[in-house]
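J.: Here you go, one structure.
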Amino acid sequence: MATTTERLEGTGSGAPEQTASKGPPEHVRIAIVGAGFSGLGMAIRLKQEGIEDFVVLERAEDIGGTWQANTYPGCQCDVPSHLYSFSFAPNPGWTRTFSKQQEIWDYLRRVADEHGLGGYVRTGHEVLSAEWEEEVGLWRLETSQGPFSAQFLVGGMGGLSEPKLPDIPGIDSFEGAAFHSARWDHDHDIAGKRVGVVGTGASTVQIVPSIQPKVERLHVFQRTPTWVMPHNDRPISRLERRLYRRFPGAQRAMRSAIYWGRESFVLWFRHPKLARRVPERIARRHLTTQVSDPELRRRLTPTFRFGCKRVLPSNAYYPALTQPNVELVTDGIEEVTPKGVRTSDGSERELDTLVFATGFHVTDMPATRMVRGRDGLLLDDVWQGSPQAYMGTTVAGFPNFFLLLGPNTGLGHTSVVFMIECQLAYIIDCLRAVQRRGLTTIEPRPDAQARFVAEIARHEQGTVWTDGGCVSWYLDRTGRNATLWPGSTVTFKRRTRRFDLENYATTPAPSASPSRVGEQAQAAA
Ligand code: NAP
C-alpha cells in the first residue's frame with residue numbers, strides 16, 4: 001500500500017511514468033523546461049525575435065505552471081490582475097482586481113494560443129536529466145518521452161513548483177485523506193468532514209475561508225502567525241472592462257499606477273523602523289477590528305517585522321477563524337497518528353482530512369539535482385542549498401544555461417511577471433550577441449558572479465528579510481536571502497536591459513561564421 005508521503009508526492013503533477021525511451025535525440029537550438037509564465041513568456045519572445053527552433057518541455061498534461069497545479073479552494077493571486085500579466089498581452093477582460101486561479105490559467109492558455117505556441121509545447125514531457133556535453137557544446141536532455149539535444153537550455157521550472165511536506169513523525173500512518181495544497185484532491189469531498197490544515201501561509205489564508213462553511217470541524221495548525229492586511233479585492237465592473245477595451249491606454253495607465261504604488265512598498269521592507277510605524281499599525285488595526293477575542297488576537301499577532309515573511313492580504317481569513325466550527329491550534333504538532341494529529345499538550349484531534357499547506361522546496365529545488373554543467377558537476381552540488389547566479393539568470397560552470405526566476409529574482413511586494421519579462425529581455429539580447437559575434441558558448445565569469453552575490457548581500461543588510469526576526473523560505477541553508485531581489489524592480493529592469501558580454505566567458509564558433517552557429521550545433525547533434 002502506498003504511504004501518505006508517496007500519495008502526497010505522487011499525485012497531481014500530471015507527470016507520466018518516468019521511463020525515458022531510447023532513440024536519436026531531437027535537436028533544437030533552445031530547449032525550455034516548463035510551460036508556466038516563464039516558459040511561455042520565453043517562447044513568445046523567441047517567436048517575436050524570429051527564432052522558431054525551440055521546444056517547451058512540460059511535465060504536466062497541460063500548460064499553465066503554478067496556475068495549472070494549484071487548484072485548492074479559494075486559490076487567487078495576491079498581486080493585482082493588471083500587473084500580474086504580460087505587458088505585451090494585457091487583458092481588458094479581468095473580472096476581479098485580484099484574479100482567481102481559473103481566470104489566470106485561462107489567460108495563459110489564451111495567450112499561448114494567440115501566439116501560436118501549440119506546435120512548440122510538448123506536454124507530458126518530464127525532463128529527467130540535462131547534461132552539458134563539453135566536446136560538442138550541447139545540452140543532452142533525457143525526458144520521459146525520449147532524448148533531446150539543445151545548444152541552449154532555459155529553466156522555467158519556477159521556485160514554487162515542488163510541494164514541501166513537513167517532517168512530522170507518523171505522517172505516513174494517517175488513515176484519512178491527506179494531500180498538499182498544491183495537489184488538492186478534488187475527488188475527496190470535504191463536506192461535513194473533520195479537516196486539519198497544517199501551515200498558515202499564503203495558501204492557507206485563501207483555503208480556510210473557502211472551506212470553513214462546508215466542513216464539520218476545521219483545525220488550523222499554526223506554527224507562526226503572519227501579518228494579514230486589508231484586501232482591496234473587488235469585481236471589475238462591466239463598464240470598467242468596456243473602458244479598458246475601448247481605450248487600451250486607460251488599462252496601461254492603471255497598470256502603471258499599480259506598479260508604482262506597489263514599488264513604494266520596498267521602502268517598508270528596506271527600512272524595518274518604517275515598517276513598524278506604518279503597515280504594522282494598519283495590520284494590527286485589521287486584526288483588532290476582525291477578532292474581538294483578546295486571547296485569539298494575541299495568538300494571531302506576529303512577533304517579527306512586517307514583510308519578513310510574505311504579507312498576506314485577506315478580509316476573510318480572520319472572520320473564518322472566529323467561526324464556531326474553527327479552532328486555531330497553536331500547540332506544536334508532535335505527531336500524525338492513524339486517526340489525526342497529536343499536539344505537544346498531549347491532545348489528539350481526530351480528522352478525516354489532512355491538508356498540508358506547508359509551502360515549497362525553494363532554495364532546495366529538486367530540479368537542481370537533474371542539471372549537470374561543466375565537468376559533470378550537479379547544480380545541486382555546486383549550490384549546496386545556497387543558490388547563486390549572475391543577475392539571477394546565469395550560473396558559472398553552466399554554459400548556455402538560463403534560469404528564469406532564478407536566485408534573487410523573487411519578490412515580496414509586486415509581480416514576478418515583471419521580473420520574468422526583464423530576464424527575457426536580457427536573454428534575447430544575449431542570443432543576439434551570440435549570433436552577431438558568432439559564439440557557441442557563453443557563461444558568466446566566476447568573479448562577476450561572486451561580485452553580484454556580494455552586492456546582493458550588501459543590499460540586503462538591515463532589511464526586514466534578514467533583520468526582521470523571522471525564519472522564512474526566502475533564506476537559504478546559510479541564512480542568506482537567496483530568493484528575493486532586495487531592492488526596487490526599477491533597478492533590476494535597468495540592469496537587465498542590455499546583455500553585458502564583458503562579464504561572460506565565451507567560446508567562438510570554430511569557423512566563426514555567425515550564420516553557421518545553428519548549423520554546427522545541428523551537425524554535432
Ligand atoms: P508558505 O507561505 O511557505 O507557508 C507554509 C506554512 O506551513 C507556514 O505557515 C509554515 O510555518 C508552515 N509549516 C511548514 N512546516 C511546518 C511544520 N512542520 N509544522 C507546522 N507548520 C509548518 O506556503 P504557501 O502558503 O503554500 O505559500 C508559498 C508561497 O506561494 C507564498 O509565499 C507565495 O509566494 C506563493 N503563493 C502565492 C499566492 C498568491 O496569491 N499569489 C497564493 C498562494 C501561494 P512557519 O511560518 O512557522 O514556517
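The values are calculated or read from the model by the stated rules, or taken from the named source; none is laboratory data. These numbers come from a predicted model, not from an experiment. With ideal geometry, Cβ positions are generated from the backbone for all residues, glycine too; neighbour counts draw on all protein chains shown. Ligands, DNA and RNA are excluded from the accessible area calculation, which covers all protein heavy atoms including side chains. Shrake-Rupley method; radii C 1.70, N 1.55, O 1.52, S 1.80 Å.
J.: Run the numbers for THR507 and GLN48: contour at 0.36 nm per residue of separation, minus the present Cα-Cα distance, in nm. Working shown, then result.
T.: Details: separation 459, 0.36 × 459 = 165.24 nm, distance 2.64 nm.
Length difference between fully extended and current span is 162.6 nm.
J.: Give the accessible surface of segment 323-458 per residue, rounded to a whole number of Å², with probe radius 1.4 Å and ligands, DNA and RNA excluded.
T.: Working: 4630 Å² over 136 residues.
It amounts to 34 Å² per residue over segment 323-458.
J.: Continuing with the same structure: Expressed as a whole percent, how much of the Cα-Cα distance distribution for segment 314-388 exceeds 18 Å?
T.: Values: 1769 of 2775 pairs.
Above the 18 Å cut-off, segment 314-388 has 64 percent of its Cα pairs.
J.: Divide, for segment 173-226, the radius of gyration over alpha carbons by 2.2 N^0.38 Å, where N is the residue count. Could the numbers behind the result be given before it?
T.: Details: Rg = 11.1 Å, N = 54, 2.2 N^0.38 = 10.0 Å.
My calculation over the Cα atoms of segment 173-226 gives 1.11.
J.: Next question, about the same structure. Using the per-residue mean of other Cβ atoms lying within 10 Å as a proxy for protection, in what order, highest first, do the peptides 297-310, 497-510 fall?
T.: On the way: 297-310: 19.4, 497-510: 14.9.
Highest to lowest by the protection proxy: 297-310, 497-510.
J.: Scale the Cα Rg of segment 70-210 by the rule-of-thumb value 2.2 N^0.38 Å and send over the ratio, two decimals.
T.: Scaled against compact globular proteins, the figure is 1.36.
J.: Provide the convex hull volume over Cα atoms per residue for segment 161-293, in Å³. Numbers along the way, then the final one.
T.: Values: hull volume 28.0 nm³, N = 133.
So the per-residue Cα hull volume is 211 Å³.
J.: A further question follows. Put a dot 7 Å past each Cα toward the Cβ at LEU377 and GLU335; how far apart are the dots in nm?
T.: For the pair GLU335/LEU377, the computed spacing is 4.4 nm.
J.: Segment 106-135: which GluC sites (Glu not before Pro) are DSSP loop and have at most 11 other beta-carbon atoms within 10 angstrom?
T.: Details: sites: GLU114, GLU126, GLU131, GLU133, GLU134, GLU135; in loops: GLU126, GLU134, GLU135.
Sparse-neighbourhood loop GluC sites (Glu not before Pro): GLU135.
J.: Mind putting a number on the dipole of the chain about its Cα centre? Charges go on the C-beta only, +1 for Lys and Arg and -1 for Asp and Glu, and I need it in Debye to the nearest 20.
T.: Working: 61 positive and 58 negative charges, 564 e Å.
With only Lys, Arg, Asp and Glu charged at Cβ, the dipole is about 2700 debye.
J.: State, to one decimal in nm, how far the label point of ARG241 lies from the label point of LYS273, with both points 7 Å from Cα in the Cβ direction.
T.: 4.8 nm
J.: Within 14 Å, Cβ to Cβ, of GLY469, how many net charges do the neighbouring residues add up to if Lys/Arg are +1 and Asp/Glu are -1? Don't skip to the answer; put the middle values down first.
T.: Values: positive: LYS273, ARG276, ARG305, LYS309; negative: GLU280, ASP467.
Around GLY469, the surrounding residues sum to +2.
J.: Could you state the accessible area per residue of segment 152-220 in Å², with a 1.4 Å probe and every protein chain left in place?
T.: Working: 2460 Å² over 69 residues.
Here the residues of segment 152-220 average 36 Å² of exposed surface.
J.: For a bin width of 5 Å, list the pair-distance distribution of segment 396-507 built from all Cα-Cα distances, rounded to whole %.
T.: 2, 11, 20, 23, 19, 13, 7, 3, 1, 0, 0
J.: In degrees from 0 to 90, rounded to the nearest 10, what is the angle of the helix 37-48 Cα long axis to the longest principal axis of the chain?
T.: 30 degrees
J.: With just the Cα atoms of segment 397-450, tell me how far they stretch along each of the three principal axes, in Å, largest first.
T.: 40, 23, 14
J.: Identify, among PHE499, THR71, ALA112, the residue whose Cα sits farthest towards the positive end of the charge dipole of the chain, taking +1 on the Cβ of Lys and Arg and -1 on the Cβ of Asp and Glu, with the dipole about the Cα centre.
T.: PHE499
J.: Moving on to the next point. Can you give the three extents of the C-alpha atoms in the chain along their principal axes, from longest to shortest, in whole Å?
T.: Extents along the principal axes: 76, 55, 46 Å.
J.: Moving on. Distance from the Cα centre of segment 382-448 to that of segment 221-264, in angstrom?
T.: Centre-to-centre distance over Cα atoms comes out at 29 Å.
J.: Can you give me the % of accessible surface on segment 171-303 that is carbon or sulfur? Probe 1.4 Å, all protein chains present, nothing else counted. Working shown, then result.
T.: Working: 3790 of 7160 Å².
Ligands and nucleic acids excluded, carbon and sulfur reach 53 percent.
J.: Given the Cα-Cα distance of ARG451 and GLU175 and 0.36 nm per residue of separation, how much length would full extension add, in nm?
T.: Working: separation 276, 0.36 × 276 = 99.36 nm, distance 5.16 nm.
Result for the pair: 94.2 nm of gain on full extension.
J.: Projected area of segment 245-337, taken from the Cα convex hull and averaged over every viewing direction, in nm²?
T.: On the way: hull surface 40.2 nm².
Approximately 10.0 nm², given one-decimal rounding.
J.: Report, to the nearest whole %, how much of the accessible area of segment 353-410 belongs to carbon and sulfur atoms, 1.4 Å probe, protein only.
T.: Working: 780 of 1600 Å².
On segment 353-410, the fraction of accessible area on carbon and sulfur atoms equals 49 percent.
J.: Place +1 on the Cβ of every Lys and Arg and -1 on the Cβ of every Asp and Glu in segment 182-230, take the dipole about the Cα centre, and give the residue among PRO213, TRP227, TRP184 whose Cα lies farthest towards its positive end.
T.: TRP227
J.: Near MET42, within a Cβ-to-Cβ distance under 14 Å, what is the net charge of the other residues, with Lys and Arg +1 and Asp and Glu -1?
T.: On the way: positive: ARG29, ARG45, LYS47; negative: GLU49, GLU52, ASP53, GLU58, GLU421, ASP429.
After counting each charged neighbour, the total is -3.
J.: Say R0 is 30 Å: what FRET efficiency, to the nearest 0.05, do THR322 and GLU348 get from their beta-carbon distance?
T.: Numbers: r = 24 Å, r/R0 = 0.80.
So, using R0 = 30 Å, E works out to roughly 0.80.
J.: Still on this structure: Modelling each spin label as a point 7 Å along the Cα-to-Cβ direction, I'd like the TRP260/ASP167 distance in nm, to one decimal.
T.: The two pseudo-label positions are separated by 4.8 nm.
J.: Determine, at each q value in 0.13, 0.18, 0.30 (inverse angstroms), the log₁₀ of I(q)/I(0) that the Debye formula gives when each Cα of segment 124-169 is one equal point scatterer.
T.: -0.43, -0.66, -1.12
J.: Please work out the Cα center distance from segment 300-348 to segment 186-207, rounded to the nearest Å.
T.: Comparing the Cα centres of segment 300-348 and segment 186-207, I get a distance of 12 Å.
J.: While we're looking at this one, here's another question. State the extension gain, in nm to one decimal, for the chain segment bounded by VAL471 and HIS188, taking 0.36 nm per residue of separation less the distance between their alpha-carbons. Walk me through the numbers on the way to the answer.
T.: Working: separation 283, 0.36 × 283 = 101.88 nm, distance 3.33 nm.
Going from the current span to full extension adds 98.6 nm.
J.: Under unit Cβ charges (Lys, Arg +1; Asp, Glu -1), what dipole magnitude, rounded to 20 debye, does segment 39-140 have relative to its Cα centre? Mind showing how you got there, number by number?
T.: Details: 9 positive and 16 negative charges, 116 e Å.
The calculation lands at about 560 debye.
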